[in-house]
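Notes to accompany the following structure.
The values are calculated or read from the model by the stated rules, or taken from the named source; none is laboratory data. Computed from a predicted model, the values in this text were never measured in an experiment. We place every Cβ from the backbone using ideal geometry, glycine too, and count neighbours over all the protein chains shown. Heads up: the accessible areas ignore ligands, DNA and RNA and are worked out on the full protein's heavy atoms, side chains in. Shrake-Rupley method; radii C 1.70, N 1.55, O 1.52, S 1.80 Å.
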Amino acid sequence: RNAATAEDITQPQIPLIDLHQPPHLLRQQLYAACSTWGFFQLLNHDIPSSLLSQFREAISSFFSLPYESKLKLKRNANNSRGYFDDELTKRRRDWKECLDVGVPGSRDWSAGDDADINSCLDGRNRFPVEEECPKFREVVVRYFEECARLSNELAVLIAGALGVEEGMEEEMGLAKRMVNDHTS
């Protein structure tokens, strides 16, 4: 018997889902990807490439700040949103830094982050001051809103792929509650 060579072994491919294809194909591909892989790469999601670039730049600027500046935004027992670098996995410290941001309690990004109406179960958002990280909050909020829009669109598409139709009020009500009640 001959041993298999590298060329003989085919690597499975992560499903690529193009949002700009006919709805019936989109539903079929979403169903297959979700039921076999559990994830997929999304193409033509309509988040502007300029926003993606601005977001990458903003995040890079934030994580390049001096450690002391980031610590001013550290999450704590009363506010789980903000900066952290001390998360544990299997009782070992992870080698990462994070900034947790979520939808404000008021659902209104124009209200101040420290406003009482923006407090929720997770706490309040914490952003660096404009002088340290110009336009950071503005870019992160725009990116967050675009991702929320895309998530809502995907939720409806995946529900359709699972056979939930617009007329199924109870099931669609659950999907709408998920959209309105999530905090991240």
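Just to check your reading of the model, which residue among Glu146, Glu138, Glu131, Glu153 is among the charged types (D, E, K, R) and not in a helix (DSSP H, G or I)?
So the residue among Glu146, Glu138, Glu131, Glu153 that is among the charged types (D, E, K, R) and not in a helix (DSSP H, G or I) is Glu131.
Which of the residues spanning region 114-143 are of a type in the set (Asp, Glu) and either at pLDDT 95 or above or under 22 Å from Ser60 (Cα atoms) (or both)?
Glu130, Glu131, Glu132, Glu138
Considering only region 98-120, state which residues are over 21 Å from Cys147 (Cα atoms) and either hydroxyl-bearing (Ser, Thr, Tyr) or open to solvent by 60 Å² or more (accessible area, probe 1.4 Å) (or both).
Asp114, Asp116, Ile117, Ser119
Residues checked against (1) within 27 Å of Leu121 (Cα to Cα); (2) at pLDDT below 85:
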residue: Glu145; (1), (2): yes, no
residue: Gly163; (1), (2): no, yes
residue: Glu166; (1), (2): no, yes
residue: Glu170; (1), (2): yes, yes
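Taking region 68-89 as the region of interest, how many residues are touching a Gly at 6+ places or on another chain (Cβ under 9 Å) and of a type in the set (A, V, I, L, M)?
Of the residues in region 68-89, 1 are touching a Gly at 6+ places or on another chain (Cβ under 9 Å) and of a type in the set (A, V, I, L, M).
Under 7 Å between Cβ atoms, which residue pairs at least 6 apart in sequence (or on different chains) link something in region 128-154 that is within 18 Å of Ser49 (Cβ to Cβ) and surrounded by 13 or more Cβ atoms within 10 Å (Cβ to Cβ) with a partner that is modelled with pLDDT of 95 or more and polar (S, T, N, Q)?
Note: pairs meeting the criteria are Val139/Gln54.
Of all residues in region 70-104, which are of a type in the set (Gly, Ala, Ser), at negative phi and in contact (Cβ under 8 Å) with a residue 40 or more places away in the chain?
Once the filter is applied, which keeps residues that are of a type in the set (Gly, Ala, Ser), at negative phi and in contact (Cβ under 8 Å) with a residue 40 or more places away in the chain, region 70-104 yields Ser80, Gly102.
Of these, Glu130, Glu145, which one is more than 18 Å from the chain's Cα centre (by Cα) and under 19 Å from Pro104 (Cβ atoms)?
Glu130
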